[in-house]
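These notes concern the structure reproduced below.
Here, each number is a calculation from the coordinates, and none is a lab measurement. Everything numeric in this text was worked out from a predicted model, so none of it was measured. All Cβ positions, even for glycine, are placed from backbone atoms using ideal geometry, and neighbour counts span all protein chains on display.
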Amino acid sequence: MNTYEDALTWIHGLLKFGIKPGLKRVEWLLKRTGNPESKIKCIHIAGTNGKGSTVEYLRSIFNEAGYNVGTFTSPYLITFNERVSINKVPIRDQELLEYVKVIKPLVDELTETSLGSPTEFEVITVISLLYFADKQPDIVVYETGLGGLYDSTNVITPILSLISNIGYDHMGILGETIEEIAFQKAGIIKKEVPVISAVEQTEALQVIEKKAQTMNSESLSLGRDFSVHHHRSTDWGEEFEYTGQEKSNFISEISMKGFHQVKNAGLAIAAVEYLTKKNLFTIDDEKIKIGLIRANWAGRFEKVSSSPDIIIDGAHNLQGIKALKQTLEHHYKDRKIYLLFAALHDKAYQNMMKELENIIHEAYFTTFTFPRAASAEQLQAESPFVTSCAISDWSEALEVIRKKLRDEDVLIITGSLYFISEVRKSFQNME
């Protein structure tokens, strides 16, 4: 193990062990490395969609107030290292290599036990905890990978838990009903650790409230303890009003477009308001407002080219696609919208496409380099669009569409976060 490339190859090699629910492997590794999870102050976020954006709002607000902020997110969009960052600066290649050198012998030892090999996500979780324990940022925001209860990030004991929303995704693992999925997400609620949620379904809220009561945890929820009111969509983003336990008529702006982003921002404000009220941090209203407007999360309704507008969006399930449709209707109501779509074969892509049927002028289906990617032909076979075609090479598909676009038209590229990560690299002069 001599280079960063060696380290990355080894980490990715663990992916074949897939998703293995349970915390025992992570706990075993943490015990052998001095329990770094006990040495950091953190916030834990679960939810079907909106986790990454909420992490970014919190990161931006805390940074604006002068705090150092660690973030653990997934999947990555530009480089693998961005999953483990401080103040939006990813862990350096050499640092990642050093942590791999520490953990690899332990992984080899663990693999020989009855617990078996840890997964890629479990290993990167442990590396992140070691990194943050060494660097000691003022706060670390942890995003769950899948679910909550058995997610490897659930080894942390945060100062605050957040649940962004509940929707249908990964049902084969998390459950078939909203209640079952909510039970998994509510698994991040720890004893006497407060929880704030932006969950709106009554049946999901009941599950969260019940878990909070069982854990003797204070619980705040959108619509009851805080609210957001969307004022207007503009060329630059969204304007909204937040009302919380202490703030009222708090008018703010975000540059990330979409009404769903207003809810994510509201959840972040509620978290900051709560922590400030408890005197754990000092963050004034002006810092919150500046932090919100400066927050920017790659791949979330991100304009990568203008005249014509080309937008990439990481909508990868029905809930995400519904949010995308609403945003397109708000900001591009009278424009001709073209679609470049790729998805994983285990996603409900038929329903995702059906949701966009009425607003898309022409649809193009493609695929990308990923084990679970559906073929362009598979997607085309399920097409609900009047005009559509399949082009397996996405870069070729992109060129075909670009030749058709007029300055006033719009191209939306979506269907999978992994897909848009690949596409995004082809656009030059990106930040």
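Across the stretch 302-424, Cα pairs under 8 Å and at least six residues apart give a relative contact order of 39 percent.
Sequence-distant contacts, meaning Cα pairs under 8 Å at least 6 residues apart, place the relative contact order of the stretch 4-294 at 22 percent.
Within straight-line reach of Lys135, meaning a Cα separation under 17 Å, sit the following aspartates and glutamates at least 8 residues removed in sequence or on another chain: Glu37, Glu82, Asp93, Glu95, Glu98. For the chain, what does the helix formula give at 222 nm: sum of -39500 (n - 2.57) over DSSP H segments with n ≥ 4, over the residue count, nearest 500 deg cm²/dmol? Here the helix-only value at 222 nm equals -12000 deg cm²/dmol. The charge dipole of the chain, taken about the Cα centre with unit charges on the Cβ atoms of Lys, Arg (+1) and Asp, Glu (-1), comes to about 540 debye, rounded to the nearest 20. Can you list the lysines whose alpha carbon sits under 17 Å from that of Lys303, skipping same-chain ones fewer than 8 residues off? By straight Cα distance, Lys303 reaches Lys257, Lys325, Lys333, Lys336, Lys425. Among beta bridges identified by DSSP and lying wholly in the stretch 4-294, the antiparallel ones come to about 45 percent. For a paramagnetic label modelled on Glu396 (point 7 Å from Cα along Cα→Cβ), amide N atoms under 18 Å away belong, within the stretch 338-362, to 340-343.
Take the Cβ atoms of Thr113 and Glu192, set R0 to 41 Å, and the FRET efficiency comes out at 0.80. Estimated from the Cβ-Cβ distance and a Förster radius of 41 angstrom, the FRET efficiency linking Glu286 and Phe427 is about 0.75.
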